[in-house]
Amino acid sequence: MKPTRVTNRIGQLRREAGGVSQGELAANVGVTRQTLNAIERGKYSPSLEVAFRIARFFDVGLDDVFAYGDDD
């Protein structure tokens, strides 16, 4: 599977929020822990709806969580 160009700060935000676990975040945004792990590691791009749920969980904007990088 080809990694996505979408990068994220989910791990950093989880730590800043007092060590929120992947399982806890996953349950709150409606995905499995395995899916959240894949998103966090850049192996999978979340749906737009899940991306908004993640941002809302941390009470930040979407672009504070995710960025899209070009290799060009």
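The values are calculated or read from the model by the stated rules, or taken from the named source; none is laboratory data. What you see is a predicted model, and the numbers here were worked out from it, not measured in a lab. When we count neighbours, we look across all protein chains shown, and the Cβ atoms used for this are built from the backbone with ideal geometry, even at glycine. Just so you know, the surface numbers come from the protein's heavy atoms only, side chains and all, with ligands and any DNA or RNA stripped out. Shrake-Rupley method; radii C 1.70, N 1.55, O 1.52, S 1.80 Å.
Estimated from helical segments only, the mean residue ellipticity of the chain at 222 nm is -14000 deg cm²/dmol, where each DSSP H run of four or more residues counts as -39500 (n - 2.57).
Charge dipole of the chain (Cα centre as origin; +1 on each Lys and Arg Cβ, -1 on each Asp and Glu Cβ, all else neutral): 340 debye, rounded to the nearest 20. Other residues within the sphere of radius under 15 Å centred on the Cβ of N28, judged by their own Cβ, net out at 0 (K and R +1, D and E -1). Taking 7 Å steps out from each Cα toward its Cβ at L62 and K43 produces label points 2.6 nm apart.
A simple spin-label model places the labels of R33 and V6 2.3 nm from each other, with each point 7 Å out along Cα-to-Cβ.
I need the Kirkwood Rh of the chain: take the reciprocal of the average 1/r across all distinct C-alpha pairs and report it in angstrom. After inverting the pairwise mean of 1/r, the radius is 12.2 Å. Using the Karplus relation 6.51 cos²θ - 1.76 cosθ + 1.60 with θ = phi - 60°, the per-residue 3J(HN,Hα) values for the stretch 59-65 come to 6, 9, x, 4, 6, 7, 9 Hz, with x marking Gly and Pro.
Looking at the chain, the accessible area is 66 square angstrom per residue; that uses a 1.4 Å probe and ignores ligands, DNA and RNA.
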